Amino acid sequence: ILTVSLTSSGSLPVTICPSALPYNWNGTLLNAAGTYTDTLTGANNCDSIATLILTVNPTTSGSLPVTICPSALPYNWNGTLLNASGAYTDTLFGANGCDSIATLILTVKPTSSGSLPVTICPSALPYNWNGTLLNAAGAYTDTLTGSNNCDSIATLILTVKSTSSGSLPVTICPSALPYNWNGELLNAAGTYTDTLTGFNSCDSIAT
């Protein structure tokens, strides 16, 4: 009695990430997705046709543009501290369970700066600069918000003009009284002071 055993067959779907390549299937190294067959010994000791359906998930990638102010440095990206503009890559875990290549395009805005020369008379002291009262000449800095919404270093160069003064001796006869001095009538000898506008356009103390 001749009995012919059946040839068995079966398919095996396998999905892997690119990092798992080459894939070892029964001693054969496979480097790409595809359908592969192999002849094995089945449970009935006859040939068994095995089919491997190999799927290789794609490697995903993406870029993320980020613009920050210098005050935001160092910038923390997935635990890495970045100190300058540039393109940075990192390998993350993608939605398909495989590696995902992420690229950060980091732009650091410039810090702007500028100086403002201001000249005032002593009578204008204290000088109010952005809410700070200044009582003397000098160079003062303040951090403001620039046109790019980042810190802007402003420098005020404050000059305080000098107060001038002078004395004028005048001798008159009694008949010249009252003596008219800058609109004020003086009726007796003495020392008188008046505040006038000096050559530097500031107060001048005249005696």
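Readers should treat all values here as calculations from the given coordinates under stated rules, not as data from a laboratory. All values derive from a computational prediction rather than experimental measurement. So basically every Cβ, Gly included, is an ideal-geometry build from the backbone, and we count neighbours across all protein chains shown.
List of remarks:
- For the chain, built as a Gaussian network whose Cα springs stay under 10 Å, the top-fluctuating residue of L82, L134, L168: L168
- Contour minus Cα-Cα distance for N149 and L64 (0.36 nm per residue): 28.5 nm
- Extension gain from W25 to T159, taking 0.36 nm per residue of separation minus the Cα-Cα distance: 39.8 nm
- In this Cβ point-charge picture (+1 for Lys and Arg, -1 for Asp and Glu), the chain has a dipole of about 160 debye about its Cα centre.
- Furthest towards positive pole of dipole, L12, I205, I68, structure part the chain, Cβ charges: I205
- In the elastic network of the chain, a GNM with C-alpha springs shorter than 10 Å, the most mobile of T197, T59, T171 is T171.
- The mean of 1/r over all distinct Cα pairs in the chain, once inverted, gives the Kirkwood hydrodynamic radius of 27.2 Å.
- Max mean-square fluctuation residue, GNM over the chain, Cα-Cα springs under 10 Å, options P74, P13, P122: P13
- Over the stretch 106-146: Kirkwood hydrodynamic radius from C-alpha pairwise inverse distances, Å: 12.5
- Semi-axes of the equivalent ellipsoid for the stretch 148-207, Cα gyration tensor, largest first, Å: 45, 10, 7
- Cysteines not pairable in the chain (beta carbon separation under 4.7 Å absent): C46, C173
- Plainly put, the stretch 1-113 has a radius of gyration that is 1.37 times its Kirkwood radius, both from alpha-carbon atoms, as the Rg/Rh ratio.
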